[in-house]
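Working notes for the structure below.
The values are calculated or read from the model by the stated rules, or taken from the named source; none is laboratory data. All values derive from a computational prediction rather than experimental measurement. FYI the Cβ positions are ideal-geometry reconstructions off the backbone, even for glycines, and counts take in every protein chain you see. Just the protein is used for accessible areas: all its heavy atoms, side chains included, with ligands, DNA and RNA removed. Shrake-Rupley method; radii C 1.70, N 1.55, O 1.52, S 1.80 Å.
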Amino acid sequence: MENFVVSARKYRPATFNTVVGQSSITNTLKNAIRNNHLAQSFLFCGPRGVGKTTCARILAKTINCTNLTKETEACDKCENCTSFNSGQTMNVFELDAASNNGVEDIRNLVDQVRIPPQMGMYKVYIIDEVHMLSAGAFNAFLKTLEEPPKYAIFILATTERHKIIPTILSRCQVFNFNRIQIDDIANHLAFIAKNENVKAEQDALHIIAQKADGALRDACSIFDQVVSFSGNELTYKNVIENLNVLDYDYYFKAVDLLLAENIPGTLLLFNEILSNGFDGHNFISGMAEHFRNLLVCKDQQTLELLEVGQNIREKYKVQSVNCSVDFLLRALGLTNKCDVAYRSSRNPRLLVEFCLMQLTAINRVTATAEKKNDDPELIFGTRAAGSPKKKAAIPLTDNIPEAEKVQPVVLQHKQEAEPPAETQTTSRKINLRATSSIAGMLNASQEKTEKKVVEEIKTGGVQQDFSQEELEKVWKSYAGFLRNKGKESDYAFLTMNKPVKVNAALISFTVFNKAAETNINEDKTELMGYLRRMLKNNSFNLEIIVTKDESGSKIYTSADKYKHFVKINPALDKLRTQFDLDVEY
């Protein structure tokens, strides 16, 4: 039986031109050889399987070649090249620092450096995984690395540059290897498949390239594995079956069901996915990636960001036509929220199912919210209560005449969350022209200033007089609303005193310190909006007055704070006594 050689070794690059995805580095090395500007030591950094050791060997072979080609490549014919190819060269030494990381190992290496080469011009020392050397070994290596003989060249390779001490880094030319692009890996696999007489679908090779995560060696290993499974015909279905990858068709079916608002069909599809052994977390993260790809397809300029095969690319283009930009953005927000909460959820399946039901209702709920002037972001939970509302993005395209382009619309005051039933608020809805341009979506419109918003409220509001009792009642209602939301500090600041109606145009509120004034001023806009709506009067202003505590003493300790709040609410002391509580000192 003939010995099988894995593709990663059989098709390992032997020249700079055959190195995949690292053209900037290989060009630099060739220029250095051509111009005789070789450094005494190199440090190759980067993730696994991207060509660090391969480039080190090619460099060692090329600089000792006696008959370089016009492209500054080794000739593979001279004595030095043939001895290197057969593994018998005496000019190249490779050391695995993971298993030879002691001071004694480095001393033996230094002793070898003293012997000049018998053939060729250079002796090259390749030290792989150099970050594994001990601190003593690094220090023993410093002097030789800084002032080696003119015939010695050191090439250090590592996957963890941050573990290399600065004194080593300063003595080396550092080359950072990047992860190899998916298209480059797929093309290299196609080259291997052609040489091995394997009929491979392009979509199948793209799946392997994505699974390799930028490492060409991993891609070759996966390729060999799938070929062993499927034989000489490498199909898309064979690859996803062997690698346990969720088929793209599931995501396309899921989006079709979501757009059709088919909740039962969506849940049954998710159940089928779970029955096939796939994880719910992988599915929801894959859905987020699918929505991202659909969004990318909405603009011709961003199509190059779609890293899939040609057949699947066409499917994305077709489905993206049926998805509005608003739907995709809300879907991305919901899937991202589900992805983050998945690991901490006690019932992850229900979490994903609930997310799918929300995705199904996006178009319907958005349409209903437009009629009621509600905020869909709060309904879906993609914006936390209390967070500022995002500025509207006004998409503009060249297809819209200048006179018809949509102008920015005034947004109402920010809204914390749904108030109690009797105090529900409404917000102005922005009427935007739909567009498929991502570039246009990112052109954010400017909100009108607070002064303009107040003026607009005044022109449409009802000026109704109110009493001190009505003012206190509405003030207390708003404070209770904040307390129910867990904002205890805001509740404490608002209830430390009572608001006073000075006249029809002014309300004053007294606080005892600057911290309270700052806290109330932060939410003053929302507070004013609430008071004006409930009191049906838009003509008054709120004045915050800072004064000292009646006791004249400053509150420092927990006991002082407790005494202060007991004065405000004596029932607090009764509560402490009833439950036998202590005050921390």
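In this view, the solvent-accessible surface of THR69, computed with a 1.4 Å probe and all protein chains in place, comes to about 60 Å².
Taking the Cβ of ASP96 as the centre, find all other residues whose Cβ is under 13 Å away and add up their charges (Lys, Arg: +1; Asp, Glu: -1). Charge balance near ASP96 sits at -4. For ILE126, list long-range residues whose amide hydrogen, built 1.01 Å from N in the peptide plane, is under 5 Å from its own amide hydrogen. Distant-sequence amide H within range of ILE126: PHE93, GLU94, LEU95, ILE155.
Each 10 Å bin from zero up to the one holding the largest Cα-Cα distance in the stretch 65-108 carries the following percent of pairs: 25, 31, 23, 19, 1. Taking all protein chains as they are arranged and a probe of 1.4 Å, the heavy atoms of PHE512 leave approximately 50 Å² accessible to solvent. Taken as Cα centroids, the stretch 497-528 and the stretch 59-113 sit 79 Å apart, rounded to the nearest whole angstrom.
Protein-only accessible surface at a 1.4 angstrom probe places the residues ILE153, ILE545 in the order ILE545, ILE153, largest first.
For the pair the stretch 141-193 and the stretch 1-52, the centres of their Cα atoms are 10 angstrom apart. If you take all other residues with their beta carbon under 9 Å from the beta carbon of GLY46, and give Lys and Arg +1 and Asp and Glu -1, the sum is +4.
Of GLU472, GLU79, the residue with the largest accessible area leads and the full order is GLU79, GLU472 (1.4 Å probe).
Using 0.36 nm per residue of separation minus the Cα-Cα distance, give me the extension gain between SER508 and ASN347 in nm, one decimal.
53.0 nm
Distance from the C-alpha centroid of the stretch 196-244 to that of the stretch 324-348: 31 Å, rounded to the whole angstrom.
For the pair LYS237 and THR518 in one chain, pulling the backbone fully straight at 0.36 nm per residue adds 95.0 nm over the alpha carbon distance.
Determine the dipole magnitude for the stretch 472-545: charges of +1 sit on the beta-carbon of Lys and Arg, -1 on that of Asp and Glu, nothing else is charged, the reference point is the Cα centre, and the result goes in debye to the nearest 20.
320 debye
Accessible area of LEU332 (1.4 Å probe, protein heavy atoms only, ligands and nucleic acids ignored): about 50 Å².
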